[in-house]
Amino acid sequence: MCSLPKPANIDNNRDAEGEILQKLAESTKTEEPVVGKNRAGETTTQATLQERAKRGRESEARGERGLIKRTREEEAHTDEEDEAKPLVLSSSGHASSPTGRRSREENGFKDDEGTTDRTRPGASNSYPSHFTEDMLPVAKFCGISLRRREAAVSANALLDYTWQKLNTGHWQDVPITWRLVFTWGSIAVVHILLADLQLSLSGGANTTQAHFSSAAEIVRACDRGLLMGAPVGDNPLHKVASLFNSHARLSATMADLPAEALPVAQQDKATVHFPLPSGRCPPLDRFLLNYMNKSVPVKLLGIVDHWPALKMWRIPYLRELAGARTVPVEVGARYTDSTWSQTLLTLDEYLTRYVSQPAAGAPTGYLAQHQLLDQIPELRDDLLVPDYCHLGEEEPRLHAWLGPRGTVSPLHHDPDHNILVQVLGYKYIRLYAEDQSPLCIPPRPLLSNTSQAEIEGPQADWPLLQQAQYHDLILAPGESLYIPPRYWHYVRSLSTSFSVSFWWR
Amino acid sequence: MALVACGLNANGQITPAGPPLLCCPTPVRDKKDVCEVHIACSHILWKTNAGWQITGYRNLDYSLEEEMAQGWKISMSEMRMAAINDDGAVVLREKGQWRKLFFQRDTAMDSRNLGPSVQQVEDQDRIAESESNVHHTTSQIKFSSVFVEDNSLIALDEDGKMYSSGVPLPYGGSRISVVEVGKEHCMALTTDGVVLTWGSGMRGQLGNGELCQIDRPEPVESLQGITISSIASGGWHCVALSTSGDAYMWGWNESGQLGFPAKADQEASILGTFSHRC
């Protein structure tokens, strides 16, 4: 009969991360580095390692306490037949699809709030959630057990079971409780993977390459939990993923691309016919009265001059920080095409295959409308939310837009105010006012906020559109654009481009 | 004849005291004369010559097997169990009891969504009871099989007609021989070997080349002219086997369930964490 080897008792794993990182650093130094790799992680000093490990332990501890507390409550509930047990959570639990583009139409642009945002003071709405009857079997998967092997099976079974629930029906209809279960299950799985890695490092049996693969598996499990789970404060998955990113990257073979270190120039051409007026750091009250209240777009200059991101955000930096992280990529020329699809890739894969070295004739890949800054909070440290974004009633939401030249966002409008900041590269943008709508929309649109018009396509195909009045502009690094709600906009990148958008209402 | 099983055993559903994961086919020795098995995520239903038995997670329902007779035709999903009892009626296990479901022959009411809510079933109970009081005769529909998922139930009568939510499904074609239910769609096979699909098509599981939802069973056009002998349905994908031995698959492939390479292949599986001796 086939059986699993007898497991060792699980120890207190508070020191796991520190030990693991030390051992990984040691093994990286003694073995020959694989040809063609980046040198990420090898120059870290002992002090930095210990500091990182300490932070990792603290966040693990917080996450564990949450998980253990949750499980005890669930076990108490399995003996009762009540269905509705309200839980009060300190997160605002709007549901949206992981890559919200399609949901523009569906849910009027509700988005998850960020998680570890230090610039937002206490932005939390209490959110009641309920146990339903179909969650009871899940409690049986949740037993925290001293036998680590059994805990690993149970945790993965929990994730599989919950994953089915998350995939049934529309994403925005999935109860937040199932997404919370997925978060906790992911934390449990990551915890177990860390313990396994620690054991493996002490045993010395496995190769360095195997350890790097384990680190990559840990980062993947963290990202899966972050992508499909619910937004929770102090999520340990962030910390663990960023701690192990550099080692995880070493598990994949990647050639260095020296061209990525060069500054990004505008490669594609675009002619500006009706330039949009610009303003340099308008006072807040002027901005509110003249632009926001009057629905007038404006190009803003000088509002992000102080951002470290302007100097730091280059492709090699992004790879070092987050190369092994999983990101959702939109593949296809534009999201109105029938061949458009979404896929998950590591950032390293995406940058190589779709940004720096795209194959001739391959479809465009765009890392669009993704809350990259929530997934990788270190990137948040490189920027400051412009003051103008706080002139609304709700906290602004941030999205990152990273892609090669030639990405196109078809003509569409959004319900919120938007400041689009260009950090790296160049974009051509065309704007039509709301009153031009009859000339922009075809008779039977598929999505009510998107036009199928090809803005830069043959004029004869879209005769009505040629009568519409518009403004256009090219955004260069450090420049920003304010787009009022429901203002039509069309965006094409003229080079490798990284922009950040701030939506608020 | 030997009985072997493998897979998740975290609830002790395969072997009560065994490890949580059986990664290789393992003989099941503690059950004799097993003639039928139904599997869900956390429990298994066995039929032996001595009667029915459930192993694994029970959700506090302990008297279930005693009330089941040998001749019942069962369909089971993770959260629900339905059966055709000895009288040919459809019964559903709910709140610790087997409840009889009522159906009517004509579509006096519009067929609603395909999953009956408890409220809908109760409403129909009341209507059926009041009607039978008035007419004193209700021609009992005799059912041959029933098919359930957590949110859907399809019953098949002896004439090969499908019912859901208490009324016949809007399909006036050939007799149906078998029905398969996925998480968000349904499949049926007629006695002529034609495959029908209906429900949500968001992952291509309807096999009609579109991603929309259809409310009534439609034949899968691409299989026109091919006689299908059996069908099976997963959560979001379908398989049809033709009489000439060809298998046709469609639907979601994110884990490689259609047999094509998938992204998930590259992710380390849980078994990578374990070593085992077989």
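Do the conditions hold for B:GLY18, that is, is it more than 14 Å from chain A (Cβ to nearest Cβ) and assigned to a loop (DSSP other than H, G, I, E, B)?
The answer is no for B:GLY18.
Quick one: which residue in A:TYR432, A:TYR388, A:TYR428 is hydroxyl-bearing (Ser, Thr, Tyr), under 15 Å from A:SER495 (Cα atoms) and in contact (Cβ under 8 Å) with a residue 40 or more places away in the chain?
Details: A:TYR432 fails: under 15 Å from A:SER495 (Cα atoms); A:TYR388 fails: under 15 Å from A:SER495 (Cα atoms).
None of the others qualify; the one that does is A:TYR428.
Return yes or no: is A:HIS211 touching a residue at least 24 places away in the same chain (Cβ under 8 Å), under 17 Å from A:ALA155 (Cβ atoms), crowded, with 21+ Cβ neighbours inside 10 Å and of a type outside the set (Val, Ile, Thr)?
no
Exactly one of (1) open to solvent by less than 10 Å² (accessible area, probe 1.4 Å); (2) within 24 Å of A:PRO263 (Cβ to Cβ); (3) in contact (Cβ under 8 Å) with a residue 40 or more places away in the chain is unmet by A:GLN357. Its number?
(1)
Cβ-Cβ below 6 Å, separation at least six or inter-chain, first residue in the range B:1-22 and within 18 Å of B:TRP46 (Cα to Cα), second among the small types (Gly, Ala, Ser): which pairs?
Sorted first by the residue in the range B:1-22, then by its partner, the pairs are B:LEU8/A:ALA157; B:ASN9/B:GLY18; B:ALA10/A:SER154; B:ALA10/A:ALA157; B:ASN11/B:SER42; B:ASN11/B:GLY56; B:GLN13/B:GLY56; B:ILE14/B:ALA5.
B:MET109 versus (1) at pLDDT 90 or above; (2) over 24 Å from B:LYS183 (Cβ atoms); (3) open to solvent by less than 70 Å² (accessible area, probe 1.4 Å): which is the lone unmet condition?
Only one criterion is unmet by B:MET109, namely (1).
Identify the single condition in (1) under 20 Å from B:VAL181 (Cα atoms); (2) modelled with pLDDT under 90 that B:LEU8 does not satisfy, given that it satisfies every other one.
(1)
So which residues in the range B:18-63 are modelled with pLDDT under 85 and either under 18 Å from B:ASP150 (Cα atoms) or open to solvent by 50 Å² or more (accessible area, probe 1.4 Å) (or both), if there are any at all?
Hits for the range B:18-63 are B:ARG58, B:ASN59, B:LEU60, B:ASP61, B:TYR62.
Among the residues of the range A:171-187, are any at the interface with another protein chain (Cβ under 9 Å from one of its Cβ atoms) and either touching a residue at least 12 places away in the same chain (Cβ under 8 Å) or of a type in the set (S, T, N, Q) (or both)?
No, the conditions are met nowhere in the range A:171-187.
Taking the options B:TYR171, B:TYR163, name whichever one is open to solvent by 30 Å² or more (accessible area, probe 1.4 Å) and more than 14 Å from every other protein chain (Cβ to nearest Cβ). Before you say what the answer is, go through the steps one by one.
Values: B:TYR163 fails: open to solvent by 30 Å² or more (accessible area, probe 1.4 Å).
Only one candidate qualifies: B:TYR171.
Report those strands (runs of 3 or more DSSP E) wholly inside the range A:325-427 carrying at least 1 residues which are within 19 Å of A:ALA241 (Cα to Cα), in contact with a strand residue (DSSP E or B) (Cβ under 8 Å, 6 or more places away or on another chain) and β-branched (Val, Ile, Thr).
A:326-331, A:341-346
So which residues in the range B:198-232 are away from chain A (no Cβ under 14 Å), out of contact with any Pro (no Cβ under 7 Å at 6 or more places or on another chain) and open to solvent by less than 60 Å² (accessible area, probe 1.4 Å)?
The answer is B:LEU206, B:GLY207, B:ILE214, B:PRO217, B:VAL220, B:LEU223, B:ILE226, B:ILE228, B:SER230, B:ILE231, B:ALA232.
Please work out which residue is modelled with the lowest pLDDT, limiting yourself to the range B:233-262 and to residues that are of a type outside the set (Phe, Trp, Tyr) and open to solvent by 80 Å² or more (accessible area, probe 1.4 Å).
The extreme case among them is B:PRO261.
Could you tell me which residue of the range A:456-488 is most open to solvent (accessible area, probe 1.4 Å), considering only residues that are of a type in the set (Phe, Trp, Tyr) and assigned to a strand (DSSP E or B)?
So, considering only residues that are of a type in the set (Phe, Trp, Tyr) and assigned to a strand (DSSP E or B), the one most open to solvent (accessible area, probe 1.4 Å) is A:TYR470.
Give the residues of the range A:391-411 that are over 28 Å from A:SER356 (Cβ atoms) and either in contact with a Cys (Cβ under 9 Å, 6 or more places away or on another chain) or not aliphatic (A, V, I, L, M) (or both), sorted by residue number.
Hits for the range A:391-411 are A:GLY392, A:GLU393, A:GLU394, A:GLU395, A:PRO396, A:ARG397, A:LEU411.
Which members of the range B:151-183 meet the condition of being outside any strand (DSSP E or B) and either touching a Ser or Thr at 6+ places or on another chain (Cβ under 8 Å) or polar (S, T, N, Q) (or both)?
Within the range B:151-183, B:ASN151, B:GLU158, B:GLY160, B:SER165, B:LEU169, B:PRO170, B:GLY173, B:SER174, B:ARG175, B:GLY182, B:LYS183 qualify.
Which condition number in (1) within 11 Å of chain A (Cβ to nearest Cβ); (2) surrounded by fewer than 20 Cβ atoms within 10 Å (Cβ to Cβ) is the one that B:GLN13 fails?
Evaluating B:GLN13 over (1) within 11 Å of chain A (Cβ to nearest Cβ); (2) surrounded by fewer than 20 Cβ atoms within 10 Å (Cβ to Cβ) leaves (2) as the failure.
Which one of B:VAL134, B:VAL178, B:VAL195, B:VAL118 is open to solvent by 40 Å² or more (accessible area, probe 1.4 Å) and at pLDDT 95 or above? Step through it out loud before you land on a result.
Working: B:VAL134 fails: at pLDDT 95 or above; B:VAL195 fails: open to solvent by 40 Å² or more (accessible area, probe 1.4 Å); B:VAL118 fails: at pLDDT 95 or above.
Every option except B:VAL178 fails the conditions.
The values are calculated or read from the model by the stated rules, or taken from the named source; none is laboratory data. Remember, it's a predicted structure, so these values are computed and weren't measured experimentally. Every residue, glycine as well, gets a Cβ built from its backbone with ideal geometry; the counts of neighbours run over all protein chains shown. These area figures cover heavy atoms from the full protein model, side chains too; ligands, DNA and RNA do not enter into them. Shrake-Rupley method; radii C 1.70, N 1.55, O 1.52, S 1.80 Å.
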